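Participant: Here you go, one structure.
The values are calculated or read from the model by the stated rules, or taken from the named source; none is laboratory data. These numbers come from a predicted model, not from an experiment. Here Cβ is always computed from backbone atoms with ideal geometry, including for glycine, and neighbour counts include all displayed protein chains.
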Amino acid sequence: MKEYSIIGKSLPKIDAVAKATGKAIYTDDLKLPRMLTGKILRSPNPHARIVHMDTTRAKKLPGVKAIITGKDTGTRKIGIIEAYRDLWDQEALCLNKVRYIGDEVAAVAAIDEDTALEALELIDVEYEKLPAVFDPEEAMKPGAPVIHEGFENNIYIRTVLESGDVEKGFRDSYRVFEDRFETQCVVHCCMEPHTSVARYLDGQLTLWTSTQTPFAIRSPLACVLDLDEDKVRVIAMVVGGGFGGKVELFPMDVCCAVLSIKTGCPVKITLTRKEEFETTRTRHPMIIELKTGVKRDGTILVKQVRNILDGGAYGGGIGVGGPFISTLFSSLPYKLPNIKMEALRVYTNKSVAGAMRGYTAPQIHFADDSHMDMIADELGMDPLDLRKKNAITPGYKTASGLKITSCAFSETIDKVSRSIGWREKRGKLKKESKGVAVGCSGFISGTGLALNNTPKNYTSMAIIKLHTEGFATVYTGATDIGQGSQTVLSMIAAEELGISLDRVKMVAADTELTPFDAGSFGSRVTFHAGNAVRRAAADAKAQLFAVVAEKLEANPDDLESKGGRIYSVDNPDIGMAFEDAIWACQEKNGGMEVIGRGVFRHDIEPSVFTTGIGNYSPAYTFSTGGAEVKVDLETGQVEVLKFKFAHDIGRAINPNNVRAQLEGSICMGLGFALFEQILFEEGRMLNPTFLDYKIPTALDMPETEIILVESEEPDAPFGAKECGEGSVAPVGPAIANAVCDAIGVRIKSLPLTPEKVLRGLKRIG
Amino acid sequence: MAKNIIQLKVNGDSYQVLVKPNMTLLEILREELNFTGTKKGCNEGECGACTVILEGKPVCSCLVLALEAEGKEVVTIEGLANGDELHPLQKAFIDNGAIQCGFCTPGMILSAKALLDNNPRPTDIEIKEAIAGNICRCGGYNVIVNAIKTVTKQ
Amino acid sequence: MRLPKFEYLRPTSLDEALDLLNEYKGRARLIAGGTALLVPMKRGILTPQYLISLNNIPHLDGLHVENRILKLGARCTISTIETHPIIKERWRILAQAAKSIGSVQIRNVATVGGNICSAVPSADMVPSLITLGAKVVLVSKAGKRTLPLEDFFKGVGEVDLKESEVLTEIQIPELPPKSGGGYLKFSRRKAMDLPIVGVAAIVSLDESNSTCRGLKVALGAVAPTPFKIKGIEKLAMGRELDDDLIDKISEKASWQINPNPRSFRSSVEYRREMVKVLTRRILKEARSLAKQN
């Protein structure tokens, strides 16, 4: 693998000092003159008609500056994926009907928080309760309460795809395995709650917000406010975690804006932690029904899948993509010649489900890779052999049309199995009630979908401006949510330009100042925005090279820029300083500043949107996790002693950053597998607190080993693929499989609670 | 509610602040004194993002009434660096990639500082116990523990 | 999720506090550390109009041993109890219980009096204190009364503290020689958690190291209040505390629980099984510690 000056080095992140000194400005830190505090009134009923609302008493409270209801936010619905505008189903403030506990019905702006809260108490709302339904399978039955008119059986969206000959596949199979798996409701728990500040001034609305997608939320926001898009500016502040929970336009953002328009003052709304749990987004709880047919030697012949996604009360802008993406992950990471997949997203009267780190991959791979161990067990095969026999290889095209380019999947299996001590330990530690196992996953590297409709489906554009002092400013719409995109993009620019990292500045995530970027979701930033930045840098560099070549009487193709100097490769002594080249370029061009532009787009095959079959992403990643667990046979507690992880990352641009992201994925996967679960009772969330919703603490993390498997993806910037999302998925199946290895109990639902373990051991009823 | 003027000592400086009884130390720091480095994560003492050092001990400032902090020494994240000179823990977090979204970072660093001020050579378990009350959703605990360890070796 | 409005009173003597309690009867609550009180206030569950702070009253946070009785001021913080050398050496079970609570940040502010008076089913200090035979001292204008801690709890969130009384001190007698004990807090996570089951046990043996001279087990989180297991000291007294007897005692303990059947934190069945398992474990540990002493 080629060595670079900056790429591949664990340089300190460019925003680290600000964060370590408390100087980074998150949205709630923002204070504007005469800023008001906003608060939202929410439905206490899971399903009800709004009969009557009276805000008179609240309006009279001194210090209250405005109160708004559904009448003020208009009838236009909000959502996020422009191509599915006809499926946008959420109002900013409910006008006639509420569909879950927490649904927004009114908002208040007041001089301080105490007053705003008091005002909420004074708003009178009369509800007529309606029958509600909380389980997706119940919701699909005839006679179930109708949550949204026009959606038969409460099915929001359904994806069906079929390829090959499934019937023949089953007929030719030596054995057919059928299983059902279930995963629970979990939530993002970003440490920073959703916060927005809106200011309407001189006909312009500015929204400072904690978001992953400033451009994507601008259009629906402008639309619902009935403003032209150029009158709306969205600025992403420093974001304290997103994990997919901040990719959409939320009612609170609209309320902020409308309150600002009405009061003429800036308005800030920060969600409380309880609101954060109940009224933002959750991961989709899922039911996964698998039917796999295999040959005697373990080769998979056919796979049939039915995924039921519990969507909650609304489509949630991003929810519309859930079923499709679940079928995509069902196609990875093994070769499946014949497939039949059906996925449904169903309405229930509960908190809304959306995208969360991995977006159905953790659920799907928990099911799939538990299933693989079960199949291996029945066939009397080593689970590693079964996996490697069926593993996707470079250049493979899946039955669902995905074009796999680089792929180091088998290598990740080998490395992890060696590291976890497979040969010495698998099946051999039962006496100590310990077990080892692996779990695998495949993921997209750079979802090809821009949430907005864009010309030629371009997803990212970058501009680089060079300064005569020798530094560069990168303008990118990409949003850093903690994953380090600002640093990674700056490193890409620095490497391509041939200057040091401290000579690169960044302006990011402002719809007015930066060019378009689809947003930080679907693991696309390094790939898409990284490519755009690299191309912009190459463009700027080419302009310099043209001028330098003339001055040095050299061929532009023979020039190189490195270490702040542009020189002839054949004769390195001949060259000039980077800043001198910039000056020379401007002199030659009448003062015109050197500006480089780069764009990235990816062609999603149109058939993806019709038959569901076609290539979706420019590249794919693969990973294997290995767990060693010990089960306490008396309490049922599962302790993960060691976790090993190998990720087919293409190339690590900043290894420390990659490791931190992968550690984080393991932690989130651990929570998903063992500790986290949102419990509902009649639509009410029972544990919307950090006390009762158990995120792993420092004491709960096992000893980990992270193995980066580099294989240079040709279309990726410097060969780098995603690392922060696909890596959550292997944890669940690895732990579930290890528990089975330890005590022979197969648990087919998450979380793996001690009660489930004891029931499996028949120690409790 | 009667308002009181109290004296607060934050990062070595004295401030006179007007407080209502139902204001917490966290609110005073963030809203009245503009020490926005201290974060509000849950407001119920369950996440540690609001950790400050009060009379030498780490506490959740969201559960300390402002009136109770009167006359006591408070150290926030803003009080760690000495001008341009960063505290060794800050440097360690930066150099070892222990900061992702950064929201838990101020509280995390202060918990670590309080530990090292009392116990300069803690074991791994002692480090983890000291930061067990600081939740990091980005999941960087092992990286954070390693960063803290680089300071203990000095 | 914001504290409701209230007035904050800061008496500087116990007498003054008692006067205020009488003056604002029914509308006031006492506050020390605040970690247990402020959260329900933020959630709107408790809305006292007045908070009477105990933090400026001298001598309420003292810790000393007098006539072989440990006297803990009600305002002693959990972290003091966790780390104090006297407690670690002679009342180790209390240090264990203290360490299991919340996080460092919470322990630095929370007080033992607060933990007791919060009267939550899972109050972590209480089972250990009960097994130690702790007594609480309650002071009012009318005088002082002392009560065994196990009789202090009336129901969830309810203690036998009159509106005019302040809990000032907890008195804990010394353990007899050849005693060992421990507190096991069973929770999902390793920190920052409420117990699903909390078990405290103290075993005292005779000089021959075999015959049981005293045995106390108390449970938390499995009934409306923490409580002492009945009838087991009788079973064990004068007998060898072997594994069989420990099994019997654990089984008996598991049938005295009365947890909330609608609790989302755990099923009754699971809690019962855990009481059995953990009581067994903690008794074995207490037994070996007693033998070593």
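Participant: Regarding region C:229-241, can at least one residue be identified that is basic (K, R), touching a helix residue (DSSP H, G or I) at 6+ places or on another chain (Cβ under 7 Å) and either surrounded by fewer than 22 Cβ atoms within 10 Å (Cβ to Cβ) or farther than 20 Å from C:P176 by Cα (or both)? Break it down stepwise before answering.
Facilitator: Here is the first cut: in region C:229-241, the residues basic (K, R) are C:230, C:234, C:239.
Adding the requirement that they be touching a helix residue (DSSP H, G or I) at 6+ places or on another chain (Cβ under 7 Å) leaves C:239.
Of the ones still in play, those that are also either surrounded by fewer than 22 Cβ atoms within 10 Å (Cβ to Cβ) or farther than 20 Å from C:P176 by Cα (or both) are C:239.
Yes: one or more hits.
Participant: Hey, among the residues in region B:97-129 that are touching a residue at least 60 places away in the same chain (Cβ under 8 Å) and either closer than 19 Å to A:A18 by Cβ or crowded, with 23+ Cβ neighbours inside 10 Å (or both), which one's farthest from the other protein chains (Cβ to nearest Cβ)?
Facilitator: The extreme case among them is B:K113.
Participant: Whether any residue in region C:94-111 is farther than 26 Å from B:T51 by Cβ and touching a residue at least 60 places away in the same chain (Cβ under 8 Å) is what I want to check.
Facilitator: no
Participant: For region A:125-171, enumerate the residues that are closer than 21 Å to A:A353 by Cβ and aromatic (F, W, Y).
Facilitator: If the condition is that a residue be closer than 21 Å to A:A353 by Cβ and aromatic (F, W, Y), then A:F134, A:F151, A:Y156 are the ones that fit.
Listed here are the residues, each with its yes/no results for (1) more than 28 Å from the chain's Cα centre (by Cα); (2) modelled with pLDDT under 95; (3) of a type in the set (D, E, K, R).
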site: A:T69; (1), (2), (3): yes, no, no
site: A:G74; (1), (2), (3): yes, yes, no
site: A:I81; (1), (2), (3): no, yes, no
site: A:D86; (1), (2), (3): no, yes, yes
site: A:V108; (1), (2), (3): yes, no, no
site: A:T115; (1), (2), (3): yes, no, no
site: A:E118; (1), (2), (3): yes, no, yes
site: A:L122; (1), (2), (3): yes, no, no
site: A:V125; (1), (2), (3): yes, no, no
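Participant: Here's another thing I want to ask about it. Starting from residues that are in contact (Cβ under 8 Å) with a residue 12 or more places away in the chain and farther than 30 Å from C:H59 by Cα, keep the ones in region C:159-191 and report whichever is nearest to the other protein chains (Cβ to nearest Cβ).
Facilitator: Here the residue is C:A191.
Participant: Hey, could you check region B:69-96 for residues that are buried (at least 24 other Cβ atoms within 10 Å of the Cβ) and away from chain A (no Cβ under 11 Å) and say which is nearest to A:G241 (Cα to Cα)?
Facilitator: It comes out as B:V74.
Participant: While we're looking at this one, here's another question. Which of the residues that make up region C:29-73 are assigned to a strand (DSSP E or B) and either farther than 17 Å from B:E68 by Cβ or of a type in the set (D, E, K, R) (or both)? Show your work before the answer.
Facilitator: Here is the first cut: in region C:29-73, the residues assigned to a strand (DSSP E or B) are C:29-31, C:50-53, C:63-66, C:69-73.
Of everything in region C:29-73, those that are assigned to a strand (DSSP E or B) and either farther than 17 Å from B:E68 by Cβ or of a type in the set (D, E, K, R) (or both) turn out to be C:R29, C:L63, C:H64, C:V65, C:E66, C:I69, C:L70, C:K71, C:L72, C:G73.
Participant: Only residues in region A:438-458 that are surrounded by fewer than 24 Cβ atoms within 10 Å (Cβ to Cβ) count as the first member; pair them with residues that are outside any strand (DSSP E or B) and charged (D, E, K, R), Cβ under 6 angstrom, at least 6 apart or cross-chain, and list the lot.
Facilitator: These pairs meet every condition: A:N452/A:E82; A:N453/A:E82.
Participant: I've got another one for you. For region A:520-567: of the residues being in a strand (DSSP E or B) and not polar (S, T, N, Q), which is surrounded by the most Cβ atoms within 10 Å (Cβ to Cβ)?
Facilitator: This residue is A:I566.
Table: residues versus (1) touching a Lys or Arg at 6+ places or on another chain (Cβ under 7 Å); (2) assigned to a loop (DSSP other than H, G, I, E, B).
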site	(1), (2)
B:F103	yes, yes
B:P106	yes, no
B:L116	no, no
B:R121	no, yes
B:I125	no, no
B:R137	no, yes
B:N142	no, no
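Participant: Turning to a different aspect of this structure: Quick one: in region C:154-187, which of the residues that are of a type in the set (D, E, K, R) and outside any loop (DSSP other than H, G, I, E, B) is nearest to C:I93 (Cα to Cα)?
Facilitator: C:K185
Participant: Let me ask something else about it. Test of understanding: among A:R49, A:R57, A:R34, which residue is basic (K, R), more than 14 Å from every other protein chain (Cβ to nearest Cβ), under 30 Å from A:I123 (Cβ atoms) and in contact with a Lys or Arg (Cβ under 7 Å, 6 or more places away or on another chain)? Break it down stepwise before answering.
Facilitator: Numbers: A:R57 fails: in contact with a Lys or Arg (Cβ under 7 Å, 6 or more places away or on another chain); A:R34 fails: in contact with a Lys or Arg (Cβ under 7 Å, 6 or more places away or on another chain).
Exactly one of A:R49, A:R57, A:R34 is basic (K, R), more than 14 Å from every other protein chain (Cβ to nearest Cβ), under 30 Å from A:I123 (Cβ atoms) and in contact with a Lys or Arg (Cβ under 7 Å, 6 or more places away or on another chain), namely A:R49.
Participant: Scan region A:219-240 for residues that are away from chain B (no Cβ under 14 Å), surrounded by 24 or more Cβ atoms within 10 Å (Cβ to Cβ) and not aliphatic (A, V, I, L, M) and report the count.
Facilitator: 1
Participant: Have a look at A:K246, A:K268, A:K274, A:K262 and point out the one that is of a type outside the set (A, V, I, L, M), part of a strand (DSSP E or B) and touching a strand residue (DSSP E or B) at 6+ places or on another chain (Cβ under 9 Å).
Facilitator: After ruling out the rest, the residue left standing is A:K268.
Participant: So how many residues does region A:135-159 have that are of a type in the set (A, V, I, L, M), in contact (Cβ under 8 Å) with a residue 12 or more places away in the chain and in contact with a Pro (Cβ under 9 Å, 6 or more places away or on another chain)?
Facilitator: Number satisfying all stated conditions: 2.
Participant: Mind listing whichever residues of region C:93-121 are more than 13 Å from chain B (Cβ to nearest Cβ), part of a loop (DSSP other than H, G, I, E, B) and surrounded by fewer than 24 Cβ atoms within 10 Å (Cβ to Cβ)?
Facilitator: Those that are more than 13 Å from chain B (Cβ to nearest Cβ), part of a loop (DSSP other than H, G, I, E, B) and surrounded by fewer than 24 Cβ atoms within 10 Å (Cβ to Cβ): C:A119, C:V120.
Participant: Okay, next question. Report, ordered by the first and then the second residue, all pairs with beta carbons closer than 6 Å, sequence separation of six or more or different chains, a first member in region B:17-31 that is more than 11 Å from chain C (Cβ to nearest Cβ), and a second member that is of a type in the set (F, W, Y).
Facilitator: B:L29/B:F35
Participant: Out of (1) within 30 Å of A:S406 (Cβ to Cβ); (2) outside any helix (DSSP H, G or I); (3) within 14 Å of chain B (Cβ to nearest Cβ), what's the single condition that is false for A:E713?
Facilitator: Among (1) within 30 Å of A:S406 (Cβ to Cβ); (2) outside any helix (DSSP H, G or I); (3) within 14 Å of chain B (Cβ to nearest Cβ), A:E713 violates only (3).
Participant: Moving to a separate point now. Just checking, which of A:M356, A:M341, A:M374 is within 26 Å of the chain's Cα centre (by Cα) and not in a loop (DSSP other than H, G, I, E, B)?
Facilitator: A:M341 is the lone residue from the list that is within 26 Å of the chain's Cα centre (by Cα) and not in a loop (DSSP other than H, G, I, E, B).
Participant: So which of B:K57, B:K40 ends up being within 23 Å of B:R137 (Cβ to Cβ) and either without any contact (Cβ under 8 Å) to a residue 60 or more places away in the chain or in contact with a His (Cβ under 9 Å, 6 or more places away or on another chain) (or both)?
Facilitator: Working: B:K57 fails: within 23 Å of B:R137 (Cβ to Cβ).
Result: B:K40 is the single residue among B:K57, B:K40 that is within 23 Å of B:R137 (Cβ to Cβ) and either without any contact (Cβ under 8 Å) to a residue 60 or more places away in the chain or in contact with a His (Cβ under 9 Å, 6 or more places away or on another chain) (or both).
Participant: Next question. Please verify whether region A:688-702 includes one or more residues that are of a type in the set (K, R), within 14 Å of chain B (Cβ to nearest Cβ) and over 23 Å from the mean Cα position of the chain (by Cα).
Facilitator: Scanning region A:688-702, I find no residue that is of a type in the set (K, R), within 14 Å of chain B (Cβ to nearest Cβ) and over 23 Å from the mean Cα position of the chain (by Cα), so the answer is no.
Participant: Would you be able to tell me the number of residues in region A:14-29 that are in a loop (DSSP other than H, G, I, E, B) and surrounded by 18 or more Cβ atoms within 10 Å (Cβ to Cβ)? If you could, list the steps in order and put the result at the bottom.
Facilitator: Initially, region A:14-29 is screened for residues in a loop (DSSP other than H, G, I, E, B), giving A:14-15, A:21-25.
With the extra rule that they be surrounded by 18 or more Cβ atoms within 10 Å (Cβ to Cβ), the set shrinks to A:14-15, A:21-22, A:24.
The total comes to 5.
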